[in-house]
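The values are calculated or read from the model by the stated rules, or taken from the named source; none is laboratory data. Since the model is a prediction, treat every value here as computed from it, not as a measurement. Cβ: placed from backbone, ideal geometry, glycine included. Neighbour counts: every protein chain shown.
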Amino acid sequence: MYLPTGGPLRTEPLPEEELPISRANPWASEPVEETDEEPRVSLHIKVLSTGRQIQLPPAPEVHIGRLDAAHGIFPDLDLTPDGGLDGGASRRHCKIHQRGSAYMVEDVGSANGTFLNGQRLTPYLPHVLNDGDTLQLGRIELEVIIQ
């Protein structure tokens, strides 16, 4: 169980020199075909600093961030045990959802940005995830595993 320690609860912006500077091109993604067929793949996220691997639930949207029970924020994937607060992850950082057979990632207005393979995502603009992609939330690096 995570209990606040009385310290700051908000995400502190990281120094710009600690974050990649390039921005992802939203128009470079391949178009996603819509299908009625349920995909038979599962999505796992591996936290590179700790080695923790999490199978994401088969939900329409999976929210990633930090737990803050006092403010009613309960992300599906809580990065608090992986150093989320010190690592610059926001309480509501990004979300992953399915569109047809593809998984999409979308920054939801985080303080320090979401990076896909080193490219900063424009907030609220979904990008396709592929097996082996790297996500960076603040300083927290995640590997995408699609099986």
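Tell me, which residue of the range 86-98 that is in a loop (DSSP other than H, G, I, E, B) and under 14 Å from the mean Cα position of the chain (by Cα) is surrounded by the fewest Cβ atoms within 10 Å (Cβ to Cβ)? Per the stated criteria, the residue is ARG92. Being at pLDDT 95 or above, out of contact with any Leu (no Cβ under 6 Å at 6 or more places or on another chain) and either farther than 24 Å from LEU19 by Cβ or not acidic (Asp, Glu) (or both) is not true of GLY88. Can you pull out every residue in the range 109-135 that is in contact with a Ser or Thr (Cβ under 8 Å, 6 or more places away or on another chain) and within 12 Å of ILE64 (Cβ to Cβ)? Of everything in the range 109-135, those that are in contact with a Ser or Thr (Cβ under 8 Å, 6 or more places away or on another chain) and within 12 Å of ILE64 (Cβ to Cβ) turn out to be SER110, LEU135. Applying a threshold of 8 Å to beta carbon distances and a minimum spacing of six or more residues, or different chains, the list of pairs starting in the range 112-129 at a residue that is closer than 18 Å to GLY84 by Cα and ending at one that is among the aliphatic types (A, V, I, L, M) and surrounded by fewer than 16 Cβ atoms within 10 Å (Cβ to Cβ) reads ASN112/LEU14. Of all residues in the range 48-85, those satisfying the criterion of being in a loop (DSSP other than H, G, I, E, B) and over 20 Å from ILE146 (Cα atoms) are ARG66, LEU67, GLY72, PHE74, PRO75, GLY83, GLY84, LEU85. For ALA102, all conditions in the list (1) farther than 18 Å from VAL47 by Cα; (2) among the aliphatic types (A, V, I, L, M); (3) modelled with pLDDT of 95 or more hold save one; what is the number of the exception? Just one mismatch for ALA102, condition (3). So, in the range 137-147, exactly how many residues are touching a Ser or Thr at 6+ places or on another chain (Cβ under 8 Å) and part of a loop (DSSP other than H, G, I, E, B)? Number of matching residues: 2. Considering only residues in the range 99-136 that are of a type in the set (Ser, Thr, Tyr) and part of a strand (DSSP E or B), the one that is surrounded by the fewest Cβ atoms within 10 Å (Cβ to Cβ) turns out to be THR134. If only one of VAL128, VAL108 is within 16 Å of LEU142 (Cα to Cα), at pLDDT 95 or above and not basic (Lys, Arg), which one is it? Of the residues listed, the single one that is within 16 Å of LEU142 (Cα to Cα), at pLDDT 95 or above and not basic (Lys, Arg) is VAL128.
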